[in-house]
1. Counting helices only, and only those DSSP H runs with n ≥ 4, report the 222 nm mean residue ellipticity of the chain as the sum of -39,500 (n - 2.57) divided by its residues, in deg cm²/dmol to the nearest 500.
2. For L29, L381, give the ranking by accessible area with the largest first, probe 1.4 Å.
3. Can you compute the modelled spin-label distance between R438 and E36, with each label point 7 Å from Cα toward Cβ, in nm?
4. Residue by residue through the stretch 480-496, what is 3J(HN,Hα) from phi via Karplus (6.51 cos²θ - 1.76 cosθ + 1.60, θ = phi - 60°)? Round to whole Hz and write x for glycine and proline.
5. What pairs in K326/K383; K197/K383; K57/K175; K315/K507 have C-alpha atoms more than 29 Å from each other?
6. If I stretch the segment between N504 and L109 completely, what's the gain in nm (0.36 nm per residue apart, minus their alpha carbon distance), one decimal?
7. Amide H neighbours of Y514 under 5 Å, at least 5 residues apart or on other chains, H built in the peptide plane: list them.
8. Tell me the label-point distance for the pair E251, K135, using the 7 Å Cα-to-Cβ offset, in nm and rounded to one decimal.
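The values are calculated or read from the model by the stated rules, or taken from the named source; none is laboratory data. Here the structure is a predicted model, which means the values were calculated and not measured. Every residue, glycine as well, gets a Cβ built from its backbone with ideal geometry; the counts of neighbours run over all protein chains shown. What goes into the accessible areas is simple: the full protein's heavy atoms, side chains included, and nothing from ligands, DNA or RNA. Shrake-Rupley method; radii C 1.70, N 1.55, O 1.52, S 1.80 Å.
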Amino acid sequence: MTDQTSSTNPGQGSDSILIVDFGSQVTQLIARRVREAGVYSEIAPFNAAKEAFARMKPAGVILSGSPASVLDDNGPRIPAEILESGLPILGICYGQQSLMHQFGGEVLLGDSGEFGRAFIEIGDDCALFDGLWTKGERHQVWMSHGDKVTRLAPGFRPVASSEGAPFAVIANDEKRIYAMQFHPEVVHTPDGGKLLKNFVRHVCGLAGDWTMAEFRKTKIEEIRAQVGDKRVICGLSGGVDSAVAALLIHEAIGDQLTCVFVDGGILRMGEAEQVVSLFRGHYNIPLVHVDASTLFLNGLAGVTDPEAKRKFIGKTFIDVFEDEAKKIGGAEFLAQGTLYPDVIESVSFTGGPSVTIKSHHNVGGLPERMNMKLVEPLRELFKDEVRVLGRELGLPEIFVGRHPFPGPGLAIRIPGEVTRERCDILRKADAIYLEEIRNAGLYDAIWQAFAVLLPVKTVGVMGDGRTYDSVCGLRAVTSTDGMTADIYPFDAAFLSRVATRIINEVKGINRVVYDYTSKPPGTIEWE
Ligand code: XMP
């Protein structure tokens, strides 16, 4: 695992914002809102914040929420360098409580806490409210806190309150320090993005001119500086992330890059052919196509635990990469299209309390013994930002707009044992489903749609005969970043058309069901 804060960043210098992560699950949404305001931001875990602050020299700092309590002696603290810097600071939830705790105010354990939708009343003007909220108005926000501030530190004044939090928003205009008890970064605070924009633009004085074109330019310089004249291999998965990473790296270092496309037998229909023709034919980028399906499928025999599958696949991918690296005369670097959501959902920052949900194979599944250095130029980006970058790099729309596909592929869409035969069955069902979605003009309205093959057999009747075959699940969700998702509400005629085609055309499936679970509480993939 690489240190998230160890690379130089594109917005480095006084035009960037440092976000200090105290372990909230939604910290990355702060980064997203700040970028939507046209300002580059970078997140550092609290225990690496001091170094990140010194390196970045940001124009302002935002402090995230946390599951921790400032009343706990071991609770994370704001580094003194940041508190005493004289720079603008915005504290969110735990961030607010820590500011008060460390500046001499008082925080107490709340009797009941406040969770979910709440309304705040604007009590006074404040730079965060410029052009947005005025005195006397009521506005909806999203609260999620147990502890609360009960006395302000000297120099602070309340500017908004809620029933449960008298100091819902506080300000110290002289020091340019602002803080709020609620979460402006989540969509349930409808004006939250604008509050954050006011902070970075009005309070920190940033121009808001950060663009993807600039990201591309500075990332290319960064890749050149990191790699020098060494060789890089890049694992292509068939998805947009690794394709964009490869194009960016190729633009930076040309044929020092070799792409490796590992076909583990767990890809979708036609995927291998498309990748090979795009990279070899369209871009003329050196590409090694490895058929490792026997290796993968033999290794998956008898494996049913989702995490065991993920770990095995992650490890085997790296094994194959390493072999290929040796064959091309040694590559020191391995490039991956790791995205920001992959990072935060898999990794508890050292000392940070964010919980591991799944081991995404391109992060948590990396074997300790892996002896190549990582190049992960998309590590700070969200999926939709990667698509913007892909278009910027001229990647054909069919790739740019493609639904995400996980590294462990069909293996995590076949609960229970994965076999070649079951992969073939699922591939066919999945292809029919996606073809129907495309034909109905729905592909771009859906974040991700796929079929799942269940380890359950049910009885059916076809013609005059009894069948006893597998159940196929269909999943389709809308999302903006994969962190939360809603089911796609197909009409019944569409679903019954797909079900009929799958049952008629795919031998081995005799029943089709539709998955009605949002995320949370479900995850998008079934494993
Ligand atoms: P979940 O299932 O966690 O998925 O709700 C969120 C998004 O991440 C994708 N996903 C992965 N992507 N490697 C990846 O590159 C992985 O191991 C992996 N697991 C899930 C998933 O398809 C969805 O878009």
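1. On the way: 15 runs with 160 residues, N = 527.
For the chain, the value works out to -9000 deg cm²/dmol.
2. On the way: L29 25, L381 0 Å².
Ranking L29, L381 by accessible area, largest first, yields L29, L381.
3. Placing both labels 7 Å beyond Cα along the Cβ direction yields 3.2 nm.
4. Per-residue couplings from phi come out as 10, 9, x, 7, 10, 7, 10, 6, 8, x, 4, 7, 4, 5, 4, 4, 6 Hz.
5. Values: K326/K383 32 Å; K197/K383 21 Å; K57/K175 18 Å; K315/K507 32 Å.
Table pairs above 29 Å Cα-Cα are K326/K383; K315/K507.
6. Numbers: separation 395, 0.36 × 395 = 142.20 nm, distance 6.10 nm.
This chain segment gains 136.1 nm when fully extended.
7. When sequence neighbours closer than 5 places are left aside, the close amide H contacts are L474.
8. 5.1
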